[in-house]
Ligand code: URA
């Protein structure tokens with residue numbers, strides 16, 4: 001065994017907490033990465049091992065090797081550049097927002113807010129915004145990082161709306177919705193639009209501009225009569241009643257993380 005390097009008696013001894021931390025770093029502590037990934041819903045242990053072997057998993061920015069041990073409370077674990085939600089204390093709620101409720105954490109006029117409809121602890125924030133007169137699916141979370149990625153102004157995840165408008169759209173008007181509409185803050189990005197019933201449009205956009213859907217329909221001369229958000233990225237729920245909420249399942253959290261990463265890749269941005 002090699003002798004330890006001679007210590008210089010003039011060197012002050014590191015404080016005890018630093019010595020303990022160093023000892024801790026040298027221990028094979030933590031949990032195996034594939035086990036942590038599997039527990040967050042990325043698939044079976046075997047699937048997670050393959051993800052690692054394919055070099056798609058990083059820990060604190062470095063490509064991870066099989067058998068790597070991690071501390072999920074402090075290590076940043078990412079799959080395809082998207083953080084894996086393993087940090088304890090993070091909650092993700094899906095709310096079916098009724099009309100008349102405002103999407104702020106606190107309303108200055110004392111109106112009911114979306115935050116009043118979900119548990120008060122831990123404190124959560126709405127992911128993006130629905131107008132007071134818009135209904136439908138809204139995520140709330142204390143995961144600021146995911147919120148930022150979902151609501152990115154130009155490449156956030158897709159949001160799908162059912163829009164009841166005055167009158168019915170012609171084929172040309174539907175095409176304009178798809179190709180982009182000139183609004184006062186610029187052209188809208190290409191969207192998906194169809195009219196399953198005359199006067200009811202299914203519209204999918206990934207931008208998050210203020211009152212965007214209403215303004216797009218106004219620009220075509222078909223004001224919105226009713227606006228319901230039916231999907232946020234991969235998250236949808238036809239049985240959640242207005243005013244009700246539930247937690248996202250592990251699979252939904254994973255799908256959301258994947259959707260955010262895919263969207264960022266599409267725009268060639270680090271997610
Ligand atoms: N677009 C709108 O115009 N309003 C909403 O609430 C959401 C999208």
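Each label point was placed 7 Å from the Cα along the Cα-to-Cβ direction; for residue 207 and residue 69 their separation is 5.1 nm. Put simply, the convex hull of the Cα atoms in the range 154-271 casts, on average, a shadow of 8.2 nm². Neighbour counts of other Cβ atoms within 10 Å put 106, 159, 35 in the fewest-to-most order 106, 35, 159. Solvent-free Debye calculation, one equal scatterer per alpha-carbon of the range 158-207: log10 I(q)/I(0) at 0.15, 0.18, 0.21 Å⁻¹ equals -0.37, -0.53, -0.72. When the alpha carbon coordinates of the range 28-83 are projected onto the principal axes, the ranges are 23, 19, 17 Å, largest first. If you take the Cα centroid of the range 146-195 and the Cα centroid of the range 78-122, the two points sit 24 Å apart.
Classify the range 187-232 as rounded, prolate or oblate, taking a ≥ b ≥ c as the square roots of the eigenvalues of its Cα gyration tensor: rounded when a/c is under 1.5, otherwise prolate if a/b is larger than b/c and oblate if not.
rounded
Shape class for the range 109-215, computed from the alpha carbon gyration tensor (a ≥ b ≥ c): prolate, with a/c not under 1.5 and a/b above b/c.
Full extension of the segment from residue 168 to residue 105, taken as 0.36 nm per residue of separation minus the current Cα-Cα distance, would add 19.0 nm. Stretched out straight at 0.36 nm per residue, the stretch from residue 175 to residue 47 would grow longer than its current Cα-Cα span by 41.9 nm.
FRET efficiency for the pair residue 123 and residue 200, taken as 1/(1 + (r/R0)^6) with r the Cβ-Cβ distance and R0 = 41 Å, rounds to 0.65. Label separation (residue 90 vs residue 113): 2.3 nm, computed from points 7 Å beyond Cα along the C-beta direction.
Throughout, read-outs are computed from the coordinates displayed, never taken from laboratory work. Keep in mind that what you see is a predicted model, and the values were worked out from it rather than measured. We place every Cβ from the backbone using ideal geometry, glycine too, and count neighbours over all the protein chains shown.
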